[in-house]
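Visitor: Submitted below is the structure of interest, expressed as structure tokens.
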Amino acid sequence: MSSEAWFDEYYDAVYSYILMLVRDPHTAEDLSQDTFMKVIRNEHQFKGDSLVKTWIFRIAYTTTMSYFRKKNPITYYFDLYTHSTKHERSSEEIALLNSQQKQFYEALSQLKPSYQQVIILRKIQGFSTKETSTILKWSEGKVKMSLSRALAAFKEGLEKGGFTNETLIR
């Protein structure tokens, strides 16, 4: 399969993943395009040690993290431990979301970045523990423990918002 076929197959998933992280459609589009430029440039380096999708998402992850570091290095490191309000959705965007989606998004955005990553990759994008560990360069044990803690924090955030339907995070 060529990088052009990979683009057709995985672009929407990569864009959706990056959009959840950067919360801006234009930036997500730019970073998705950067990701696939890197995929095309480095296609010869893919050795088949993982699924193509996992390899592409690793590139998407590093591209997005580089964007955050370059954008404002001090803010990036500070945001690892605090919650930034710079990427909040506009009131028009929030109005378009239904109540459950809004609560889900707000609870997710309140989590620390590593928790957001593991929930997005494992529960939203559907990657296995092994694939997630490859993308994030974590041990499988760290992925499992982080997911467990992230889901507990996420559930707590949903409950604080008055949301009680646990089926979203199972």
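Visitor: For a quick check of your reading of the model, give me the residue pairs whose first member lies in the stretch 109-130 and is outside the structural domain of D49 (by TED's automatic domain parsing) and free of Cβ contacts under 8 Å to residues at least 12 places away in the same chain, whose second is surrounded by fewer than 18 Cβ atoms within 10 Å (Cβ to Cβ) and in a loop (DSSP other than H, G, I, E, B), with beta-carbon atoms closer than 9 Å and at least 6 apart or on different chains.
Guide: K130/S50
Visitor: Let me ask something else about it. What number goes with the only condition from (1) surrounded by 15 or more Cβ atoms within 10 Å (Cβ to Cβ); (2) at pLDDT 85 or above that I40 does not pass?
Guide: (1) is the only condition that I40 fails.
Visitor: Give all pairs with beta carbons closer than 9 Å in which a residue from the stretch 138-153 that is farther than 20 Å from Q110 by Cβ meets a residue that is surrounded by fewer than 15 Cβ atoms within 10 Å (Cβ to Cβ); count only pairs at least 6 apart in sequence or on separate chains.
Guide: Between residues of the stretch 138-153 that are farther than 20 Å from Q110 by Cβ and residues that are surrounded by fewer than 15 Cβ atoms within 10 Å (Cβ to Cβ), the close pairs are E140/K130; V143/K130.
Residues checked against (1) modelled with pLDDT of 95 or more; (2) crowded, with 20+ Cβ neighbours inside 10 Å; (3) in contact with a strand residue (DSSP E or B) (Cβ under 7 Å, 6 or more places away or on another chain):
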position	(1), (2), (3)
S114	no, no, no
V118	no, yes, no
K142	yes, no, no
A153	no, no, no
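Visitor: Shifting gears a bit: Go through the stretch 105-130 and give me each residue that's hydroxyl-bearing (S, T, Y) and within 10 Å of the chain's Cα centre (by Cα).
Guide: Hits for the stretch 105-130 are S114, Y115.
Visitor: Tally the residues that are touching a residue at least 40 places away in the same chain (Cβ under 8 Å), in a helix (DSSP H, G or I) and among the charged types (D, E, K, R), restricting the search to the stretch 10-48.
Guide: Counting residues in the stretch 10-48 that are touching a residue at least 40 places away in the same chain (Cβ under 8 Å), in a helix (DSSP H, G or I) and among the charged types (D, E, K, R) gives 1.
The values are calculated or read from the model by the stated rules, or taken from the named source; none is laboratory data. All of these numbers come straight from a predicted model, not from anything done at the bench. Backbone-built Cβ (ideal geometry, glycine too); neighbour counts: all protein chains shown.
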